[in-house]
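Accompanying notes for the structure given below.
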């Protein structure tokens with residue numbers, strides 16, 4: 001995405017919640033104006049933690065959360081720090097939409113729907129798309145790009161994202 005800024009934690013392979021929170025803050029500082037967060041997998045849990053700590057800042061126009069993993073599920077990465085597992089249940093103070101796959105190996109559709117509902121987010125099951133990543137064979141995932149564009153427009157943002 002042309003106007004996107006990707007956050008840069010110290011380690012993608014050994015995710016540490018505090019490091020990822022700091023990286024998200026740095027990414028938000030680089031962004032101009034309000035942004036639409038786009039989070040995939042573990043970054044969905046990061047967004048929940050960030051919102052519980054900083055949600056009322058007004059910097060976030062909305063969040064599109066793709067394939068949140070179940071931290072209690074058997075496939076949850078053991079490399080992730082324990083902090084990711086203790087999910088806050090606070091409702092997001094910004095619009096959010098959770099996209100989930102009916103055959104995601106990291107979370108059941110029921111978990112993803114509960115994750116969305118607990119945070120006051122919308123929910124969309126996009127069908128059998130695996131973990132909605134490169135291994136899922138979705139290529140550039142045009143449907144996801146259309147969903148993002150529509151969501152960002154609904155949040156009053158002509159562009160996305162961090």
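Rule-based calculations on the coordinates, nothing more; no lab input. Since the structure is predicted, the reported quantities are computational estimates derived from the model, not experimental observations. Here Cβ is always computed from backbone atoms with ideal geometry, including for glycine, and neighbour counts include all displayed protein chains.
For region 57-136, count the residues as N, evaluate 2.2 N^0.38 Å, and divide the Cα radius of gyration by that value, please.
Rounded to two decimals, the normalised Rg is 1.10.
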Please report, in whole Å³, the volume per residue of the convex hull around the C-alpha atoms of region 1-49.
84 Å³
From the Cα centre of region 79-108 to that of region 22-61, the distance in Å is 14 Å
Using alpha carbon positions and the Kirkwood radius, the Rg to Rh ratio of the chain is 0.92
Separation of the residue 10 and residue 135 label points, Cα + 7 Å toward Cβ, nm
2.7 nm
